[in-house]
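**Q** Have a look at the structure that comes next, please.
The values are calculated or read from the model by the stated rules, or taken from the named source; none is laboratory data. Since this is a predicted model, take the numbers as computed values, not measurements. Reconstructed Cβ throughout: ideal geometry from the backbone, glycine too, with neighbour counts over all protein chains shown.
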Amino acid sequence: MPPTDASANAGTAPVADTGTTSPTARESRIGPAADAGADSEDTLDLHLPDEFVALFAEDTGAHGSRSLGATATATATAGPASASATSAATVEGAGTSTATCASEASPASTTPNPNDLLGDVADWGPISTPAGPLHLVPVRIERDLPIISRWMNDPAVTAFWGLAGPENAIEEHLRSQLIGDGRSVPCMGLLEGTPMSYWEIYRADLDPLARHYPARPHDTGVHLLIGGMSDRGRGLGGTLLRAVADLALDKRPACARVVAEPDIRNTPSVAAFLTAGFRFSAEIDLPVKRAALMIRDRSLRHLL
């Protein structure tokens, strides 16, 4: 899960968290599980998919504990806590991570296919939005670290992403995802060819965030940070979140929903997700925040 939240369309007040806290803070952000009764549709399956069990066991055996969103997150979507930047600087999706769920059960095989955790995000290609074509391009450390570091050290972003600090700390957060098994992919968002946002796309159902909400197979999480001051306060958060959520649903047929968990206090961020067609499902307690569980359902995408 990435940072908690920042904003993207509400001027200078932090909004949605598509980010997360710090690489080490990601796991610590997760708190008690949400009340399953908060959303009668989101009932918790007591039978965990074999794919989830195998991946979780692999992580725990190798490292002793799992990092949120498969990143060292200070990630999404969470963010960042699970899951996201509309007014001040980021749209928070999961406080550190966000997620989507699959409409099909996971394969019976206990051996996960590392190439099928998210599909190849690099090949998702650009998508048209009312603000212009948006293209998610996987982060390249040598090219993108300076600008991401500058964005993360913006006071409006710091409070929600928790990644402010020297470049080497932010680099560690990015590398932990890039050298992982593919369940979390950090991306630069290019709007009409210009870098203006940072994203984390991750498998929420394979993330520690899944312990705190009724996760479903193939749930996909998203975190968003609107970087430039000139791009904040213009309503871009909701516009871009809708486009990316729909892109994930189009490129991942097994995914039935995209989820995020912005800080419940981050009104601009929550508003951005609502504008993007997400619905408020429940409030969940994470270690560093009380989050709003936001869900964009495949079945409702053309209605909301």
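**Q** Within region 220-236, work out how many residues are crowded, with 24+ Cβ neighbours inside 10 Å and farther than 17 Å from residue 293 by Cα.
**A** Total meeting the criteria: 5.
**Q** Another question about this same structure. Right, residue 249: more than 13 Å from the chain's Cα centre (by Cα), part of a helix (DSSP H, G or I) and under 24 Å from residue 139 (Cβ atoms) or not?
**A** yes
**Q** Quick check on this structure: which one of 229, 294 is of a type in the set (A, V, I, L, M, F, W, C) and modelled with pLDDT under 95?
**A** Just a single option satisfies the conditions, and that option is 229.
**Q** Restricting attention to region 253-269, does a residue exist that is at pLDDT 95 or above, more than 18 Å from residue 200 (Cβ to Cβ) and touching a Ser or Thr at 6+ places or on another chain (Cβ under 6 Å)?
**A** Scanning region 253-269, I find at least one residue that is at pLDDT 95 or above, more than 18 Å from residue 200 (Cβ to Cβ) and touching a Ser or Thr at 6+ places or on another chain (Cβ under 6 Å), so the answer is yes.
**Q** How about region 260-278: which of its residues are farther than 12 Å from residue 235 by Cβ, part of a loop (DSSP other than H, G, I, E, B) and of a type in the set (A, V, I, L, M, F, W, C)?
**A** 264, 278
**Q** Could you check how many residues of region 135-191 are of a type in the set (Gly, Ala, Ser) and part of a helix (DSSP H, G or I)?
**A** Total meeting the criteria: 5.
**Q** Pick from region 188-219 the residues that are under 11 Å from the mean Cα position of the chain (by Cα) and within 24 Å of residue 141 (Cβ to Cβ): which of them is surrounded by the fewest Cβ atoms within 10 Å (Cβ to Cβ)?
**A** Checking each candidate, the answer is 198.
**Q** Could you please let me know if residue 197 is in a helix (DSSP H, G or I) and of a type in the set (Gly, Ala, Ser)?
**A** no
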